[in-house]
Structures are given as structure tokens and as C-alpha cells.
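Worksheet: one structure, shown below.
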Amino acid sequence: MAIPRKKFVAGNFKMNTTSSEVAPYLESFRLETEKINEVDIVLIPPFTSLSKVSEILGGAQKIRLGAQNMSSEAKGAYTGEISAAMLRDLFVRYVLVGHSERRRLFGETDETVRRKLVTALNSELRPILCIGETLEERQAGQEKNILESQLRAALEGLSAEEISEVVIAYEPVWAIGTGLTATPEQAQEAHSFIRDHLGKLAGTSVANKARILYGGSVTPSNARELMSQEDIDGALVGGASLDPRGFAEIVAAAVPAK
Ligand code: PEP
């Protein structure tokens, strides 16, 4: 029997949107999503807009706040870095860890990803751990090995309780920002594999409750079919989250059919 898991949709603005642009965005997005209570919604703007978004959303946030990155260090001489405590201070609840752009463009290794993930957990931030294979790895039939090794590197040795705090995002690198989307069948196969593997690391109860998001060129037109797959519990949306109406449509597509 399928386990009910509340859908989760997060919008990663990447390096887009100034702090003065977030007010009109939020006005429109909140209006479009005000009647939706069945989906956990997370906005992940750049660091420079976190404070403004937090202020506009206010204390009782129906929409939660996430950060795109974070230092693995607690504080100190790390020019240009942002700590977990600084994020918590702005009421940030989630942080992306291991996004493929950080791995590919900024040299983040599995070791960096693990350190950040552990720091997030120790700081009461919930990590959204991004994993996924490149096109070459998929063409070589290696996608499951890659997913397994990224999951193991990030999570092995953590307690089941710690792992239960982690949201996983399956983001095939070849689908990010390219307009190429994994088919619902390809995505479902990867998600089911990830859930099985989480079961090995943390037990079936944690695995059955874990939210596993799909990311990679999600749009209002493909969102519903992707998110109706059994093991796809929501979406991590990049480019399409920049348009508040389009992003609201994706959130609406996550509402389970009555
Ligand atoms: C992302 O950045 O996590 C992402 C999935 O981007 P896009 O939706 O633009 O492919």
C-alpha cells in the first residue's frame, strides 16, 4: 500500500532576483497559492533576499524559507561565507546541499557535501540533499551506482533520526536548466531506487516517510505527471520558479487529486 507523504515543492531562484524584486513576486505568488494547504512550499532566494522574504512572510510562515548554500564551518575567518547560525537568525529552515552547480562549478566534493549536511543537521536546518548522475554516467548505465555512492558518502554513519530530517532531491545533471526532463518512468525508477537505498541506510520506516523530490526542467506542463508517480514526493524547481504564476501552477499540480 502506498504511504501518504505530504508533497513538497521548492523553488531555487539561483543567482536571480534582487531584494527589491521579491516583494512583487511574493505578492503574486501568495495570492495564487493562498488556498493551497496540502503542499509544503519552500522558497530559496539568493542570500541577499533572505532577510526581505523573511520579513514579508512574517512569523507564521506558511511558505518556508530555504538557502542555496551554507558554510560547513560554524564561524570565523572564512571571508565571503555564510554560516548556519546566520541563516537560522533569518528564520531559514532548509538549505540546499550538494546542488550539481555547486559540485560542478565550485568544486564541491562528496566530502564537502557531507560536512555541510552534518553542520546543517547540528544547526537545526533541514538539508535538501541533491544527488544525480551526468549524461555520460547515464549513457554508461552507471546512474544507480552514482546515486548509491552519493547517498552513501553523504549519509552513511548518520543515525536514522538524523537521516529522517533530510529531504532528498534527485536531479539528473543532464536535466538541470537544459529543458530536457527525465521521463516520469525514468524518474520513478531512480526515486524507487533511492528509497530502497535509504531503507538500507536508515530502515524502512524512515525510507517510507522520506520526501524525495524530482528536479530538472520541471515546468507547469510536466509537473503533474512527474509528481503523480508513486515515489516522487514533489519538485525542486529552478528556472520555472522565477515566474510566480508558473511556479504557483507547479505547486497546484502537487495537490493530490480528490
Ligand atoms: C535546480 O536548479 O535545482 C533545477 C532543477 O533547475 P531547473 O528547474 O532550471 O532545471
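The values are calculated or read from the model by the stated rules, or taken from the named source; none is laboratory data. Since this is a predicted model, take the numbers as computed values, not measurements. Here the Cβ is made from the backbone with ideal geometry for all residues, glycine too, and neighbour counts use every protein chain on show. We work out accessible area using only protein heavy atoms, side chains counted, and drop any ligands, DNA or RNA first. Shrake-Rupley method; radii C 1.70, N 1.55, O 1.52, S 1.80 Å.
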TODO: Considering each residue of segment 77-136, count those that are within 16 Å of the ligand (Cβ to nearest atom), open to solvent by 30 Å² or more (accessible area, probe 1.4 Å), free of Cβ contacts under 8 Å to residues at least 40 places away in the same chain and assigned to a loop (DSSP other than H, G, I, E, B), and give that number.
DONE: 1
Open item on the list: I'm trying to understand the selection: among the residues of segment 137-161, which are part of a loop (DSSP other than H, G, I, E, B) and within 30 Å of GLY179 (Cα to Cα)?
Closed with: ALA140, GLY141, GLN142
TODO: Would you please list the contacts, defined by Cβ atoms under 6 Å and residues six or more apart or on different chains, that run from a residue in segment 204-232 that is farther than 20 Å from HIS99 by Cβ to a residue that is away from the ligand (no atom under 16 Å from the Cβ) and open to solvent by less than 10 Å² (accessible area, probe 1.4 Å)?
DONE: VAL206/ILE163; ALA207/LEU198
Task: Count of residues meeting criterion [within 14 Å of the chain's Cα centre (by Cα), surrounded by fewer than 24 Cβ atoms within 10 Å (Cβ to Cβ) and of a type in the set (Ser, Thr, Tyr)] in segment 225-241 - done: 0
TODO: Being assigned to a strand (DSSP E or B) and either among the aromatic types (Phe, Trp, Tyr) or in contact (Cβ under 8 Å) with a residue 60 or more places away in the chain (or both) is the filter here, so list the residues in segment 162-187 that pass it.
DONE: VAL167, ALA169, TYR170
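Listed here are the residues, each with its yes/no results for (1) hydrophobic (A, V, I, L, M, F, W, C); (2) under 18 Å from the mean Cα position of the chain (by Cα).
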{"site": "ALA190", "(1), (2)": "yes, yes"}
{"site": "ASP196", "(1), (2)": "no, no"}
{"site": "ALA207", "(1), (2)": "yes, yes"}
{"site": "ARG211", "(1), (2)": "no, yes"}
{"site": "GLY216", "(1), (2)": "no, yes"}
{"site": "ALA223", "(1), (2)": "yes, yes"}
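Residues checked against (1) out of contact with any helix residue (DSSP H, G or I) (no Cβ under 6 Å at 6 or more places or on another chain); (2) closer than 27 Å to PRO256 by Cβ:
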site: GLU137; (1), (2): no, no
site: ALA140; (1), (2): yes, no
site: LEU158; (1), (2): yes, no
site: VAL166; (1), (2): yes, yes
site: PRO172; (1), (2): yes, yes
site: ALA175; (1), (2): yes, yes
site: PHE193; (1), (2): no, yes
site: SER228; (1), (2): yes, yes
- [ ] Kindly indicate whether any position in segment 193-202 is in contact (Cβ under 8 Å) with a residue 12 or more places away in the chain, buried (at least 17 other Cβ atoms within 10 Å of the Cβ) and among the charged types (D, E, K, R).
- [x] yes
Task: Single residue of GLU32, GLU55, GLU21 found to be in a helix (DSSP H, G or I), touching a residue at least 60 places away in the same chain (Cβ under 8 Å) and open to solvent by 50 Å² or more (accessible area, probe 1.4 Å) - done: GLU32
Task: When residues of segment 188-244 are limited to those that are part of a loop (DSSP other than H, G, I, E, B) and within 11 Å of the ligand (Cβ to nearest atom), the one farthest from GLU21 (Cα to Cα) - done: ASN222
Task: Failed criterion for LYS14 (all others in (1) open to solvent by 40 Å² or more (accessible area, probe 1.4 Å); (2) closer than 21 Å to HIS99 by Cβ; (3) in a helix (DSSP H, G or I) hold) - done: (3)
TODO: Could you grab me the full set of residues in segment 61-76 that are of a type outside the set (Val, Ile, Thr) and not in a loop (DSSP other than H, G, I, E, B)?
DONE: ARG64, LEU65, GLY66, ALA67
